[in-house]
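Trainee: First the structure, then my questions, so here it is.
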Amino acid sequence: MSKIKVAELFYSIQGEGRYMGVPSVFLRTFGCNFTCRGFGMERGKLSIEAEQLAIIHEHTPFKKYEELPLVSTGCDSYASWHPSFKELSPMLTSDAIADRIAEILPHKEWHDEHLVITGGEPLLGWQKQYPDLLDHPKMTSLKEITFETNGTMKLTKDFKHYLSVWKGLPKQGREITFSVSAKLPCSGEKWEDAIKPEVVCEYEEVGTVYLKFVIANEQDFADAQSAVIEFRQAGFTGHVYLMPVGGIESVYALNNKAVAIMAMNAGLRYSDRLQVPLFKNEWGT
C-alpha cells in the first residue's frame, strides 16, 4: 500500500484562485524544490524567519503543527518543506488518508467538496502514490481535484495517463485543475528555475490550468507581465490571476487593494487570500 508524507490534512474553504469559497479537503504533502525566502522582503534580501524557528525547534521542539508560529516573510508553509520540521509530517498510508478524509467531510463522504493536493510541491515526489489514494473505495465519489503546484515538475508518463483515465471515466463529470503559482523574482527564486512554460503547457493536456502570481509592488507586476508573455508564446491558454503577498493580515492588508487595481487595469483576474482575513492563515485553514 502506498504511503505519502503528509504535512497537513484538513477541511476548510478554498481561499484562492478559481475555486475560491468552495468547501475543500486540503492534503498538504511534505517536500519542495523551492524555499521562497524572498516573499515580503526587499528585492535581493532573503527571510531568515524559518531558520530562526528551526533553531528554536532544535532546543525546544514543537509537538505539532498548530504550535508553530506564523511567519511574516518568506514561505508561509515553511514547515511543509524545511527538513528541521519533517518529523511533524507523518508517513500515512492511502487507507489512513482516506479514512481521515471521510472523518472530516461534513457528510462523511464526498458530495460537492473539492480535493486540493498542495504542498510544499505536491508533484515533486508523490506522483506514484496518488493513484492508490484516488482509487480508494472512499474516494470514488470525488469529482474535482486541484493540484497547487509551482509549475516546475513534469508529469510522469504513468501519472499523466492515470489522470487522463480518471478524468475521462464516462458519466463521472470529473474535473482536474492545476493551480500554478509560478514564482517571480520576489520569491527569491531564479527566473530560469521557476518559469517553465513547457511544463505548464503539458498540464493543459490533462486538465484546466491557470497561473497565479504573488504580487507586492509595480516591479512584481512587471515581472508577472513578462512571465505571461513567455507562457503565452509557449502556447499557454489559461487564465491569469494576480494575488497579494502576505501570510499574515498586517502584510496582506498593505497591498491587496493595490494588487486588485493592477489586475483590473491589466484585464487580469484578481485572487484574494480568504484564509488570511477569515482565519488569520492559521495552520489547518
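Trainee: When the expected Rg is taken as 2.2 N^0.38 Å, what fraction or multiple of it is the alpha-carbon Rg of region 130-281?
Mentor: Numbers: Rg = 16.9 Å, N = 152, 2.2 N^0.38 = 14.8 Å.
This ratio for region 130-281 stands at 1.14.
Trainee: Then there's this: Could you tell me the center-to-center distance, by alpha carbons, between region 44-108 and region 217-279 in angstrom?
Mentor: 26
Trainee: Order of Ser12, Ser226, Ser94 from fewest to most other C-beta atoms within 10 Å?
Mentor: Least to most surrounded, the residues fall as Ser226, Ser12, Ser94.
Trainee: Could you tell me which GluC sites (Glu not before Pro) in region 16-115 are loop residues by DSSP with no more than 15 other beta carbons within 10 angstrom of their beta carbon?
Mentor: Within region 16-115, the qualifying GluC sites (Glu not before Pro) (loop, at most 15 other Cβ atoms within 10 Å) are Glu42, Glu109.
Trainee: Just in region 221-285: which GluC sites (Glu not before Pro) are loop by DSSP and have at most 15 other Cβ atoms within 10 Å? Numbers along the way, then the final one.
Mentor: On the way: sites: Glu230, Glu249, Glu282; in loops: Glu282.
Sparse-neighbourhood loop GluC sites (Glu not before Pro): Glu282.
Trainee: Taking Cβ-Cβ under 4.7 Å as the only way to count a partner, pick out the unpartnered cysteines of the chain.
Mentor: Singleton cysteines: Cys32, Cys186, Cys201.
Trainee: At 7 Å along the Cα-to-beta-carbon direction for both Phe279 and Ala258, put a label point, then send me their distance in nm to one decimal.
Mentor: Using points 7 Å along Cα→Cβ, the separation is 2.8 nm.
Trainee: Whole number please: convex hull volume per residue of the Cα set in region 3-279, in Å³?
Mentor: About 125 Å³ per residue, rounded to a whole number.
Trainee: Related question: Which trypsin sites (Lys or Arg not before Pro) does region 1-68 hold that lie in a coil by DSSP with at most 11 other beta carbons within 10 Å? Walk me through the numbers on the way to the answer.
Mentor: On the way: sites: Lys3, Lys5, Arg18, Arg28, Arg37, Arg43, Lys45, Lys63, Lys64; in loops: Arg37, Arg43, Lys45, Lys63, Lys64.
Answer in residue order: Lys63, Lys64.
Trainee: Based on the Cβ-Cβ distance of Gln225 and Ile55, what FRET efficiency does E = 1/(1 + (r/R0)^6) give at R0 = 41 Å, to the nearest 0.05?
Mentor: 0.60
Trainee: State to the nearest 20 debye the size of the charge dipole of the chain about its Cα centre, where the only charges are +1 on K and R beta carbons and -1 on D and E beta carbons.
Mentor: 360
Where a number appears in this text, it was derived from the coordinates with a stated rule and is not lab data. Not measured: the values here are computed from a predicted model. We place every Cβ from the backbone using ideal geometry, glycine too, and count neighbours over all the protein chains shown.
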